[in-house]
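Presented below is the structure to which this report refers.
The values are calculated or read from the model by the stated rules, or taken from the named source; none is laboratory data. Being a predicted model, the structure only gives us computed values, none of them experimental. FYI the Cβ positions are ideal-geometry reconstructions off the backbone, even for glycines, and counts take in every protein chain you see.
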Amino acid sequence: MDKTFILGVGAQKCGTSWLSSYINQSQQANLGILKEYHCWDAKTLELCEEFKTVDDNLLIQSDQYQIRHKMQNIEGYYERYFAKILEGRINITGDITPSYSMLSSKTFSEIKRRFEDLNINVKVIFLMRDPVDRVISHIKMLAKFKKISDRTGFDKNQSSAANIATKHERAVYNNKLSFEENLVALYQSPLVKQRTLYQETVSELLNVFDSKDCFFQIYEKMFEVDEITRMSEFLGIDVNLKYRETQINAAEKQNYHVNQQTKKMIANTFSETYVFAEQFGFNVKYNWNNYILTR
């Protein structure tokens with residue numbers, strides 16, 4: 001039976017936690033000890049340097065941390081780790097790291113080559129979302145992580161969501177400002193903006209991968225019956241429509257007000273992304289509510 005590595009490249013706040021959980025619930029799949037391995041972003045992206053592990057007190061760190069450290073520092077460990085998972089009855093594994101959406105075609109090519117040298121197929125999945133909604137959700141996440149880290153501090157030995165986020169991500173949110181003031185201050189920062197330029201990610205991917213080995217979808221449609229079926233067939237796992245009701249990393253109930261003018265400002269910043277998505281066939285005039293703000 002063919003062995004497959006699923007490379008999930010985001011985008012952040014577009015359903016990747018649900019995707020990872022959905023793949024892992026299949027008896028045909030095992031994604032290993034982590035959802036986000038943060039190997040290639042830490043090694044190649046300046047924005048993600050704080051995902052780099054350090055040697056200090058390595059022996060007392062968690063298993064997750066040690067695996068990530070080996071992947072970042074031992075040549076060939078990344079692909080051998082996943083190849084080991086595929087030695088038994090499991091025929092699907094993968095790495096779902098949202099910040100991989102910022103990787104270059106050179107890095108994608110390197111990942112592809114490493115697995116193909118081991119006779120493992122590579123399939124890519126990239127989820128997108130209305131840019132305004134993605135950005136707002138991203139800032140909500142920063143606010144949440146800031147609140148948690150202010151209360152509990154930072155412990156890299158823990159694997160909670162707050163500690164998976166970089167120290168920089170927690171630092172940029174300013175509790176002295178309102179949520180909307182933080183949104184206005186941060187939406188054009190590289191930390192937020194680069195993850196929302198979907199057209200650049202798709203271009204880099206298609207420079208390396210055949211379109212038949214790529215699955216592109218938007219968050220607003222991914223939970224529909226036909227789309228879950230189509231995605232499952234692409235992944236090579238059995239369809240489980242009951243999993244549509246499973247909530248992973250559900251958003252907090254706290255209501256953050258964002259006025260329409262701010263939304264329009266963000267939408268216009270990503271006007272080219274809206275145009276790209278419409279031309280790519282996602283019918284965003286109907287599926288992305290904030291598209292109208294770009295007109």
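The residue pairs whose first member lies in the range 265-281 and is of a type in the set (Lys, Arg), whose second member is outside any helix (DSSP H, G or I) and at pLDDT below 95, and whose beta carbons are closer than 7 Å, counting only pairs six or more residues apart or on different chains, do not exist in this structure. Just for the range 241-272: of the residues that are among the β-branched types (Val, Ile, Thr) and touching an Asp or Glu at 6+ places or on another chain (Cβ under 9 Å), which one is farthest from Glu180 (Cα to Cα)? The extreme case among them is Thr262.
Could you give me the residue pairs with C-beta distances under 7 Å whose first residue belongs to the range 193-216 and is without any contact (Cβ under 8 Å) to a residue 40 or more places away in the chain, whose second residue is aromatic (Phe, Trp, Tyr) wherever it lies, and which are 6+ apart or on separate chains? Final answer for the pair search is none. Only a single item in (1) buried (at least 17 other Cβ atoms within 10 Å of the Cβ); (2) farther than 21 Å from Gly236 by Cβ; (3) more than 17 Å from the chain's Cα centre (by Cα) is not met by Ser99, and it is number (3). Taking residues in the range 125-136 that are in the same structural domain as Met231 (by TED's automatic domain parsing) and touching a residue at least 12 places away in the same chain (Cβ under 8 Å), and partners anywhere that are crowded, with 24+ Cβ neighbours inside 10 Å and assigned to a strand (DSSP E or B), the pairs with Cβ atoms closer than 7 Å and at least 6 places apart or on different chains are Ile125/Ile6; Ile125/Gly8.
Here is the figure for the range 228-243: residues that are surrounded by fewer than 14 Cβ atoms within 10 Å (Cβ to Cβ) and within 20 Å of the chain's Cα centre (by Cα) total 0. Looking at Ser189, is it small (Gly, Ala, Ser) and modelled with pLDDT of 85 or more? Judged against the criteria, Ser189 is a match. Would the range 186-202 turn up any residue that is surrounded by fewer than 19 Cβ atoms within 10 Å (Cβ to Cβ) and more than 26 Å from Phe270 (Cα to Cα)? No - not one qualifying residue is present in the range 186-202.
Condition check for Lys84 on (1) modelled with pLDDT under 95; (2) part of a helix (DSSP H, G or I); (3) of a type in the set (D, E, K, R): one failure, at (1). You will find that of Gln199, Gln194, Gln188, Gln247, the residue that is in a loop (DSSP other than H, G, I, E, B) and over 17 Å from Ser20 (Cα atoms) is Gln188 and no other.
Condition test on Lys70, is it assigned to a helix (DSSP H, G or I), surrounded by fewer than 19 Cβ atoms within 10 Å (Cβ to Cβ) and either of a type in the set (Gly, Ala, Ser) or within 20 Å of the chain's Cα centre (by Cα) (or both)? Spelling it out, it is not the case that Lys70 is assigned to a helix (DSSP H, G or I), surrounded by fewer than 19 Cβ atoms within 10 Å (Cβ to Cβ) and either of a type in the set (Gly, Ala, Ser) or within 20 Å of the chain's Cα centre (by Cα) (or both).
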